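> Sharing a structure here in structure tokens format.
Values quoted throughout were computed directly from the atomic coordinates according to the rules given, and no laboratory measurement underlies them. Because the structure is predicted, anything quoted here is derived from the model rather than measured. Cβ atoms come from the backbone with ideal geometry, glycine included; neighbour counts cover every protein chain shown.
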Amino acid sequence: MLISRLCRVGFRVAKELSRGGYAYMSRSRYKQRHCSHYQWSTLELLPETRAFQGSIFQKHHGFSTLASDGASAGAMKRKERKFFLNKNIVLFGRISVTFVSKDGEEIPIQVPIGMSMLEAAHENVIELEGACEGSLACSTCHVRVMDMEYYNKLEDPVDEENDMLDLAFGLTETSRLGCQIVASPELDGICLAIPAASRNFSVDGPGYSPSFQCLFLSETAPAIADGTMKEFGG
Amino acid sequence: MAIFRARRVLWRSFSTISSHPLRVCIVGSGPAGFYTAEKILKTHQGSQVDIIDRLPTPYGLVRSGVAPDHPETKNVINQFSRVAQNGRCSFFGNVALGSSISLVELQELYHVVVLAYGAESDRVVGIPGEDLKGVHSAREFVWWYNGHPDGRNLDPDLKNTDTAVILGQGNVALDVARILLRPTSELAITDIASHALTALEQSSIRKVYLVGRRGPVQAACTAKELREVLGIKDLYIHIKETDLKITPADEEEMKNSRIHRRIYELLSKAATAGPSQPSSGQRELHFVFFRQPDRFLESYDKKGYVSGVHLEKTGLKGIGSGKQIAIGTGQFENLSCGIVLKSIGYKSVPVDDLPFDNQKGVVPNVKGRVLSDNSGDPTSFENGLYVCGWLKRGPTGIIATNLYCAEETVASLSEDLELGVLASTTRLPKLGRDGLLQILDNRNVRVVPFSAWERIDKEEKRLGSLRNKPREKLTSREELLKVAGSE
């Protein structure tokens, strides 16, 4: 029943938005559903959601304008993808995250807002170690944020996290602990690489394979492609 | 993604050998042992893995090394428990390599033996007076406060003196300093052994010196531990500002190492942060740099007891590749104390029929494959014998280091299986678990399986709850075996 309700909401939003209009949803009609303790519902969400409702409208208009200006197909596709993903946040309170495994395999998942990346990895059976279970007492959930733009959106690490990062293998400029990255709307589309478990990690990296999703969401080239990723030894 | 997963599963089942399961015995149930077991179980779907440990309790240093006031570091035990509860894995406690079962016998019972029994001895300083009473290794002291059955009789005298000297500035040294200086009310709600808590409550030690041969840039501790010891409530910290002067060589070292850079920054801040003198009755922690021990001084009043350390000032000398070592300058001074704790490194213990490199204190190996001897001949391997953890790499690193160590060892094992290097042994079935238990039964060895450990675990937690502690450790073999055996 919940699914059918959500689908109806989804179709309504899609219909409204495709007409270039802004679908106003009254709070009273769409109450919060508590499927889990994470934000899984429609519009009782975070204040950011409202901004996103607005941004959907903006993007849509931007899209039309760009089309008429004859902008590049790539730019249009990027905006189209961002539009698609933002709807995900609005309706389902989830963001898209892509993990890149040690073997270079890309694993796209949906993460509820408020969930840590470590927990999300475990829920999706992605091999990310978490020896201390998220209590800032180890460095085994070390991940690399593939895109500097996303890395900069994260809150600065606290001393305790930096202390643990000191001990992480293959530390880079965009390294963070997976248990400290918490899903929020502005992280939608983030790509996180799980470092290969090698003590002599080389700057060449664990086989990063550029993909449609990762490339399109980055405004700047990922640091790894530049070959500017520095090794922080210990 | 589902298709990729399915492919991976198929590959794994094809990677196991023939119709009988691969039988593996891992000696040692600390992080090295458990990470190895986990990796083997995952990579070789048909494998049967047995983990033996000479103690009735599993988890190695996670239980007996990690400090009582670091409970989060012990969370990894949950992951190891899940490995032990895997249907293809068995834990057998109270089984000692050497006395309960020999290495040769294990190699007959199992296709593969992985040695992960760590380092249960100490490096010696090698100076006069080292066997004076009151000079202990930090390893023994840690065993003592962590309730290790072999540490309960240490009985260190904390009442005859107000000063303790710790040689070394690594994390173990800092742990020991912290346990000596922390208010005992804070220790009372941890899983510290109760005999240690009682002794610490009656302790007269108020000053602790952490003595290092080199400077603050070379200090071996890590930021979390340093930050913690510097943050102890109402503790006076003393660091000589002149020790903080850095040379171009020091700067080069720090440039290449984030850890050392941050440690130096923490020490610099601590040197100038607090008051210049301790207030009356305040506990003190002194960081002493550029001093190496020359000999231990014997007390005049109490013959056979230590009364201080004769220290030689040192200077640093570069030996290439950015490393600097300590060189004596011929200037000496004395540091009085009533107890010395040597925290200069652990050392592994050799067993019969096992190649051993006495100089490095490890089993000679290449990526975890045990070499037949120390000659360095890389083509002569012991068939089916592997090594992991401190026994392989030497006693350094953190719990997570064993994760990567295990990956490497298991990769070597998997490669050997694939290439048929182990074909002569894997071609035939082995008795494994059943054979082992039969032999142990014949020898009246009281094996402690995982379910019995769970009884011990439950009882310790129950006793702990009576005293507002997470657990009250049972510290004698007899008590442990009694609870393990009971129903």
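> Cut-off is 10 Å between beta-carbons; in what order do A:Met164, B:Met254 appear when sorted fewest neighbours first?
Details: A:Met164 26, B:Met254 18.
Least to most surrounded, the residues fall as B:Met254, A:Met164.
> Residue-wise, which Karplus ³J(HN,Hα) couplings in Hz belong to the range A:120-130, taking 6.51 cos²θ - 1.76 cosθ + 1.60, θ = phi - 60°, and x for glycine or proline?
4, 4, 5, 5, 9, 6, 9, 6, 10, 5, x
> Here is a further query. Can you give the FRET efficiency to the nearest 0.05 for B:Glu251 and B:Val349, using r as the Cβ-Cβ distance and R₀ = 51 Å? Before the final figure, lay out the partial values.
Details: r = 40 Å, r/R0 = 0.79.
Computed FRET efficiency for B:Glu251 and B:Val349 comes out at 0.80.
> Quick one: compute the contact order of the range B:76-160, relative version, from alpha carbon pairs under 8 angstrom and 6+ residues apart, as a percent.
Details: 27 pairs, mean separation 10.3, N = 85.
Value for the range B:76-160: 12 percent.
> Rounded, prolate or oblate: which one fits the range B:381-487, using the alpha carbon gyration tensor with axes a ≥ b ≥ c (rounded when a/c is under 1.5, else prolate when a/b beats b/c, else oblate)? Mind showing how you got there, number by number?
Numbers: a/c = 3.23, a/b = 1.58, b/c = 2.05.
Cα axes put the range B:381-487 in the oblate bin.
> Separate question: So who's got an amide H within less than 5 Å of the one on B:Phe92, skipping anything under 5 residues away but keeping other chains? H placed 1.01 Å off N, in plane.
Long-range HN contacts for B:Phe92: B:Ile51, B:Ile52, B:Asp53.
> Here is a follow-up. Return the lysines within reach of B:Lys482: Cα separation strictly under 30 angstrom, same-chain partners fewer than 8 residues apart disregarded; answer none if there are no such residues.
Counting by Cα, and skipping residues close in sequence, B:Lys482 has these lysines nearby: B:Lys74, B:Lys458, B:Lys461, B:Lys469, B:Lys473.
> So, one more: Determine the sum of side-chain charges near B:Ser336: Lys and Arg each +1, Asp and Glu each -1, restricted to other residues whose C-beta is under 11 angstrom from that of B:Ser336.
On the way: positive: B:Lys207; negative: B:Asp162, B:Glu333.
The answer is -1.
> Something else: Putting +1 on Lys and Arg Cβ atoms and -1 on Asp and Glu Cβ atoms, find which of B:Thr272, B:His195, B:Trp143 reaches farthest to the positive end of the dipole of the range B:122-346.
It is B:Thr272.
> What's the FRET efficiency of B:Asn153 with B:Gln282 using the Cβ-Cβ distance as r and R₀ = 25 Å, to the nearest 0.05? Please list the in-between numbers first.
Details: r = 33 Å, r/R0 = 1.32.
After rounding, the FRET efficiency stands at 0.15.
> Report, in listed order, any pair from B:Lys207/B:Lys245; B:Lys269/B:Lys323; B:Lys233/B:Lys347; B:Lys360/B:Lys430 with a Cα-Cα distance greater than 32 Å. Could the numbers behind the result be given before it?
Values: B:Lys207/B:Lys245 25 Å; B:Lys269/B:Lys323 25 Å; B:Lys233/B:Lys347 34 Å; B:Lys360/B:Lys430 34 Å.
Table pairs above 32 Å Cα-Cα are B:Lys233/B:Lys347; B:Lys360/B:Lys430.
> Here's something else I'd like to know. Rank the residues A:Val143, B:Val447 as a footprinting-exposure proxy: fewest other Cβ atoms within 10 Å of their Cβ go first. Intermediate values should be presented prior to the final figure.
On the way: A:Val143 26, B:Val447 19.
If I rank by nearby Cβ atoms, fewest first, I get B:Val447, A:Val143.
> Only Lys, Arg, Asp and Glu count, each charged at its Cβ (+1, +1, -1, -1), so figure out the dipole size of chain B about its Cα centre, rounded to 20 debye. Each step should come with its number before you reach the end.
Details: 63 positive and 57 negative charges, 229 e Å.
Approximately 1100 debye in magnitude.
> Pop the C-beta distance of B:Lys42 and B:Lys482 into the FRET formula with R0 = 35 Å and round what comes out to the nearest 0.05. All intermediate terms of the calculation are to be shown ahead of the outcome.
Details: r = 36 Å, r/R0 = 1.03.
The formula returns an efficiency of 0.45 here.
> If a/c stays under 1.5 just call it rounded; otherwise compare a/b with b/c (prolate if a/b is bigger, oblate if not). Do that for the range A:94-193, with a ≥ b ≥ c from the square roots of the Cα gyration tensor eigenvalues. Kindly include the intermediate steps, with their values, before the conclusion.
Details: a/c = 1.36, a/b = 1.24, b/c = 1.10.
Verdict is rounded for the range A:94-193.
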